[in-house]
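Comments concern the structure below.
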2 protein chains.
Amino acid sequence: MTGREIDNLIKLLARLPGLGPRSARRAVLQMLKKPETLMLPLAKALEDTAHAMTTCHVCGNIDVTDPCHICAGTDRQHDMICVVEEVQDLWALERGSSFKGLYHVLGGTLSPLDGVGPDDLRIDQLVTRVRETGVNEVILATNLTVDGQTTAHYITERLVETGVKVTRLAHGVPVGGELDYLDDGTLTAALRARS
Amino acid sequence: MTGREIDNLIKLLARLPGLGPRSARRAVLQMLKKPETLMLPLAKALEDTAHAMTTCHVCGNIDVTDPCHICAGTDRQHDMICVVEEVQDLWALERGSSFKGLYHVLGGTLSPLDGVGPDDLRIDQLVTRVRETGVNEVILATNLTVDGQTTAHYITERLVETGVKVTRLAHGVPVGGELDYLDDGTLTAALRARS
């Protein structure tokens with residue numbers, strides 16, 4: 001249909017989440033109309049990032065420096081660690097920009113059925129990190145799923161020996177949320193934690 | 001929030017149609033997880049296409065060769081030209097793969113209100129092309145909008161002097177379409193053209 005090179009580009013773009021073949025075609029057409037302002041900068045940004053990207057050996061974040069810009073940040077509180085499941089959770093918390101501490105990315109949740117045990121997550125590293133650096137508080141921000149809560153519970157047990165303070169995110173009604181659209185679990189949690 | 005390079009990549013991706021900031025972030029995260037299989041090939045495909053892309057001087061198609069692979073195709077019927085508004089219309093017809101002739105991309109429609117006159121479209125080139133090459137039939141496949149139909153009408157007038165046969169796409173009920181969901185214009189056209 002289209003030239004082989006353009007077809008190849010469409011196929012690659014269509015593999016991104018959120019883009020299907022149709023929107024990939026639209027995106028390519030739009031880029032073909034302005035190759036200098038969009039296509040070449042995008043190619044360069046992709047190549048630069050692919051070559052520079054690395055996983056932070058301290059927290060597990062993906063960045064172009066190791067340690068990542070959060071672990072290396074002088075404006076962060078180095079005595080608080082927020083534990084998240086995946087890098088996207090870290091990014092979500094950073095967007096809120098109300099947390100000024102450090103992070104620890106587990107790389108998933110405990111899931112015996114899928115064969116994911118404690119050794120597959122960065123839990124040992126977390127315990128070592130807490131023990132060796134002057135951390136005062138660990139905030140568990142795993143998801144409110146069964147696996148997420150199991151993982152949070154397991155980490156709490158493991159951290160007991162370090163004597164660090166362990167907290168969890170509050171559960172309740174989202175800001176701007178309507179009660180009518182909330183699931184029962186959230187409503188129950190919000191009622192129980194009323195203040 | 002994220003490193004500067006990654007932020008820049010997300011911003012560039014978010015400018016593509018069909019991708020917002022949220023889906024651009026998801027796409028970047030997915031790519032960061034497999035830089036070798038997705039990120040670098042995509043960067044290369046973008047760069048190659050940006051450097052090689054050109055507009056076919058014969059038909060106006062965008063391709064990496066000039067004339068494009070359709071105009072240069074030995075398996076195409078060179079005596080039929082299908083006139084379309086934009087490159088995406090050409091691609092749509094090629095996906096159907098039932099048309100084996102050549103194309104002519106106008107680059108838009110006549111639109112006096114927007115200041116688009118005949119000289120802004122590739123209409124003169126079409127008339128010259130029809131006169132100088134042995135074309136038997138011109139199929140007008142402009143959209144069924146007021147501007148599209150005005151343009152088709154204008155081109156028909158211009159082609160009278162060349163004596164070429166001018167046809168238009170049939171209007172009617174789409175294959176698989178349900179009458180209930182069709183607009184009145186299509187229904188009227190389908191009734192009028194019943195066979």
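Coordinate-derived values only; no laboratory data. Quantities reported herein were computed from a predicted structural model and do not represent experimental measurements. Cβ placement follows ideal geometry from the backbone for every residue including glycine, while neighbour counts extend to all protein chains displayed.
Structure summary
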read-out	value
Out-of-range pairs (alpha-carbon distance over 22 Å; input B:Lys11/B:Lys44; A:Lys34/B:Lys100; A:Lys33/B:Lys11; A:Lys100/B:Lys33; A:Lys11/B:Lys34)	A:Lys34/B:Lys100; A:Lys100/B:Lys33
Inter-copy spacing of A:Lys11 label points, which lie 7 Å from Cα along Cα→Cβ, given in nm from shortest upward	3.4
Other protein chain Cβ atoms within 10 Å, averaged over every residue that makes up A:48-57	5
³J(HN,Hα), Karplus 6.51/-1.76/1.60, whole Hz, each residue of segment B:69-83, x for Gly, Pro	5, 7, 5, 8, x, 7, 9, 9, 7, 7, 9, 10, 10, 9, 8
Closest-to-axis residue of chain A (Cβ criterion, axis taking A to B), whole Å	A:Ala43, 2
Amide H contacts of B:Thr167 (H built 1.01 Å from N, under 5 Å, at least 5 apart or other chain)	B:Val138, B:Ile139, B:Leu140
Cβ-isolated cysteines (cut-off 4.7 Å), chain B	B:Cys59, B:Cys71, B:Cys82
Segment B:70-168 shape via C-alpha gyration tensor axes, a/c threshold 1.5	oblate
Spatially proximal aspartates and glutamates relative to A:Lys165 (Cα-Cα < 19 Å; intrachain offsets below 8 disregarded)	A:Asp79, A:Asp124, A:Glu132, A:Glu137, A:Glu157
Per-residue average of Cβ from other chains inside 10 Å of B:27-36	5
Using a 7 Å Cα-to-Cβ projection, B:Thr162 label spacings across copies, nm, ascending	7.7
Within the protein assembly as shown, percent of DSSP bridges classed antiparallel, to nearest 5	20
Fraction of beta bridges assigned by DSSP in chain B that are antiparallel (%, nearest 5)	20
Relative counts (whole %) of C-alpha pair distances in segment B:4-52, using bins that are 5 Å wide	5, 21, 25, 29, 17, 3, 0
Total formal charge among the other residues, if their Cβ is under 10 angstrom from that of B:Tyr103, Lys/Arg +1 and Asp/Glu -1	-1
Shortest-first nm distances, B:Asn136 label point to equivalent points in other copies (7 Å, Cα→Cβ)	8.8
Surface/4 of the Cα convex hull for chain A, nm²	16.2
Taking A:Thr128, A:Thr151 and counting other C-beta atoms within 10 Å, the order from fewest to most	A:Thr128, A:Thr151
Segment B:108-149 shape via C-alpha gyration tensor axes, a/c threshold 1.5	oblate
Sequence-distant residues sharing a close amide H with A:Val116 (under 5 Å, placed H)	A:Ser111
Fraction of beta bridges assigned by DSSP in segment A:63-163 that are antiparallel (%, nearest 5)	10
Nearest-0.05 FRET efficiency for A:Glu157 and B:Val146, computed from C-beta distance (R0 45 Å)	0.05
